[in-house]
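Since the structure comes first, as structure tokens, the remarks are kept for the end.
The values are calculated or read from the model by the stated rules, or taken from the named source; none is laboratory data. Keep in mind it's a predicted model, so treat the numbers as computed, not measured. As a convention, Cβ positions derive from the backbone with ideal geometry for all residues, glycine included, and neighbour counts pool all protein chains shown.
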Amino acid sequence: MIFLAQSDTTAGFLCENFETLNRIKGRNAKQNVLLTLDTLNKLKNLVRVPNAHKNRVRKSTKSTFVYRGKNSLNQESLAIRLVPKEMGKEVSHSAMLEFFPFLYSSSANAHNAEFNLEFALQSADILVLDWRFLSAQKPSKMYKITNTMIKKIR
């Protein structure tokens with residue numbers, strides 16, 4: 001089941017199976033896709049955040065972190081995006097994520113193409129709308145984390 005929703009950054013597809021997302025976007029079926037979570041407890045179940053970066057990960061907004069090493073889902077590395085509820089703000093994307101352990105996430109466009117609302121609507125099984133509707137915006141910042149350093153990728 002493919003969800004189409006406006007995240008806190010851009011319109012995107014959400015799914016429990018990354019191979020389904022890759023097939024819809026027309027890219028390699030085994031290509032890694034980032035995970036989206038809503039709480040730090042769920043993050044702790046998947047990876048170990050190095051002590052030097054725990055505070056940065058907890059306080060970050062609109063950021064994706066790539067964790068190296070073996071983990072419960074992948075043998076190489078795992079890109080995870082935390083979308084916490086913000087105090088005093090209604091963020092419907094994080095409210096949707098509460099119902100799943102995690103969802104794979106990707107922008108709502110064909111591989112190497114610009115956002116096309118018609119393509120996105122045809123590809124999705126379920127449309128999740130809120131007051132922001134659907135629009136392409138700036139993607140999240142991406143950082144690669146190791147035990148001792150952090151490097152900006154995007």
The number of residues in segment 18-48 that are surrounded by fewer than 20 Cβ atoms within 10 Å (Cβ to Cβ) and either among the charged types (D, E, K, R) or farther than 22 Å from LEU117 by Cα (or both) is 16
**Asked** If you check LEU73 against the conditions, is it within 19 Å of PRO101 (Cβ to Cβ), at pLDDT 85 or above and outside any helix (DSSP H, G or I)?
**Response** no
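Please work out which residue is nearest to ILE2 (Cα to Cα), limiting yourself to segment 125-153 and to residues that are basic (Lys, Arg) and surrounded by 11 or more Cβ atoms within 10 Å (Cβ to Cβ). Don't jump to the end; show me each part of the working.
Within segment 125-153, the subset basic (Lys, Arg) is 132, 138, 141, 144, 151-152.
Now restrict to residues that are surrounded by 11 or more Cβ atoms within 10 Å (Cβ to Cβ): 132, 141, 144.
Numbers: ARG132: 19, LYS141: 24, LYS144: 27 Å.
Result: ARG132.
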Out of (1) of a type outside the set (Val, Ile, Thr); (2) surrounded by 12 or more Cβ atoms within 10 Å (Cβ to Cβ); (3) modelled with pLDDT of 80 or more, the one ASN112 does not meet is (2)
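Based on this model, can you work out whether LEU97 counts as within 22 Å of LEU127 (Cβ to Cβ), in contact with a strand residue (DSSP E or B) (Cβ under 8 Å, 6 or more places away or on another chain) and either surrounded by fewer than 19 Cβ atoms within 10 Å (Cβ to Cβ) or modelled with pLDDT of 85 or more (or both)? Talk me through it step by step, then tell me what you get.
On the way: within 22 Å of LEU127 (Cβ to Cβ): yes; in contact with a strand residue (DSSP E or B) (Cβ under 8 Å, 6 or more places away or on another chain): yes; either surrounded by fewer than 19 Cβ atoms within 10 Å (Cβ to Cβ) or modelled with pLDDT of 85 or more (or both): no.
No; evaluated as a whole, the condition is false for this residue.
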Residues of segment 1-43 being in a loop (DSSP other than H, G, I, E, B), touching a helix residue (DSSP H, G or I) at 6+ places or on another chain (Cβ under 8 Å) and among the β-branched types (Val, Ile, Thr), in sequence order, are ILE2, VAL33
Here the residues within segment 1-12 that are modelled with pLDDT under 90 and either in contact with an Asp or Glu (Cβ under 6 Å, 6 or more places away or on another chain) or not polar (S, T, N, Q) (or both) are MET1, LEU4, ALA5, ASP8, ALA11, GLY12
Listed by first then second residue, the pairs whose first member lies in segment 103-128 and is in contact (Cβ under 8 Å) with a residue 40 or more places away in the chain, whose partner is among the polar types (S, T, N, Q) and assigned to a helix (DSSP H, G or I), with beta carbons under 9 Å and at least 6 positions apart or on separate chains, are TYR104/THR20; SER106/ASN22; ALA108/SER123; ALA110/SER123; HIS111/ASN22; VAL128/SER92
